[in-house]
Amino acid sequence: HALEIQADPEVQAFVGEPVTLKCWFSSSFPVTEKLTIDWTFRPLAGGSLQPIFHYQADAYPAKTGTFQGRVSWAGDVAKQDASITIANPTPDDNGTFSCAVKNPPDVQHDIPQTVLTVVRRGASLQLTSAGLLSILVFLPSAVVVALLLIRMGRKVGVLPRWKDVGYKKSSIEVSDTPERAGCGKRLAGWCLQHLDSDEEGPY
């Protein structure tokens, strides 16, 4: 006879937040006290299998190793559920977890594996916050530098003064004194007008 066991092939967890590793089984015989469940772990970097949990009529978490005190029973054999929960996961828990179930005389089966990846929650949010902070800090500075460059350029004659832009000669008489620009232009150039606040009046 054979057992059928299923488990999630990949699971992502967050640092410090409990994660449940699901495992389901199907047996052609009723579940008895002889049923056993064994969870093992192999680190992502490789190495030997580490037993981290055993069940037979009761739960027996590992008493040694890196998972000591962090693995708890989350299943229900009456519902053919052999899941476990890992508390306070860290990136050191990244690796492959295997769920083996035996329900004599059903003992032959393929052992499914679950690859666990533990990451830090909010990494993308932190990146967004850093970008926002950069914008709040550097954008105003860039605007100030741009305005200062414009002002310096007008002082040395590289750029025309606002007072010389937008004026027109009268169609009736010719005057050396330019007329004021329209309201729209004066409003649009309010900032630039104030940049010349320390200059003398029209020549």
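Bear in mind that the values in this text are calculations on the coordinates, not laboratory data. As the structure is a computational prediction, the values presented were derived from the model and not from experiment. With ideal geometry, Cβ positions are generated from the backbone for all residues, glycine too; neighbour counts draw on all protein chains shown.
For PHE67, enumerate residues with amide H under 5 Å from its amide H, sequence gap 5+ or separate chain, H modeled in the peptide plane.
Those qualifying (amide H under 5 Å, at least 5 residues apart or on another chain) number zero.
Binning every alpha carbon pair distance of segment 66-105 at 10 Å from zero, what are the percents per bin?
22, 50, 24, 5
Amide H to amide H, which residues 5 or more places from PHE14 or on other chains are under 5 Å from it, using H placed in the peptide plane?
VAL119
Could you give the size of the charge dipole of segment 55-107 about its Cα centre, using +1 on the Cβ of each K and R and -1 on the Cβ of each D and E, expressed in debye and rounded to the nearest 20?
100 debye
Each residue of segment 14-25 in order: what ³J(HN,Hα) in whole Hz does its phi give by Karplus 6.51 cos²θ - 1.76 cosθ + 1.60, θ = phi - 60°, with x for Gly and Pro?
These are the phi-based 3J(HN,Hα) values: 10, 3, x, 10, x, 10, 9, 9, 7, 8, 10, 9 Hz.
May I ask you to evaluate 6.51 cos²θ - 1.76 cosθ + 1.60, the Karplus curve with θ = phi - 60°, for each residue of segment 112-120 and list the ³J(HN,Hα) values in order in whole Hz, giving x for glycine and proline?
Ordered by residue, 3J(HN,Hα) equals x, 10, 10, 8, 9, 10, 9, 10, 8 Hz.
Using the Cβ atoms and a cut-off under 11 Å, what net charge is assigned to the surroundings of LYS22, where Lys and Arg are +1 and Asp and Glu are -1?
Once positives and negatives cancel, what remains is -2.
What is the Cα radius of gyration of segment 1-121 over 2.2 N^0.38 Å, N being its residue count?
That ratio works out to 1.03.
Over segment 1-45, what lengths in whole Å, largest first, do the semi-axes of the equivalent ellipsoid take, defined as the square roots of 5 times the eigenvalues of the alpha-carbon gyration tensor?
27, 12, 11
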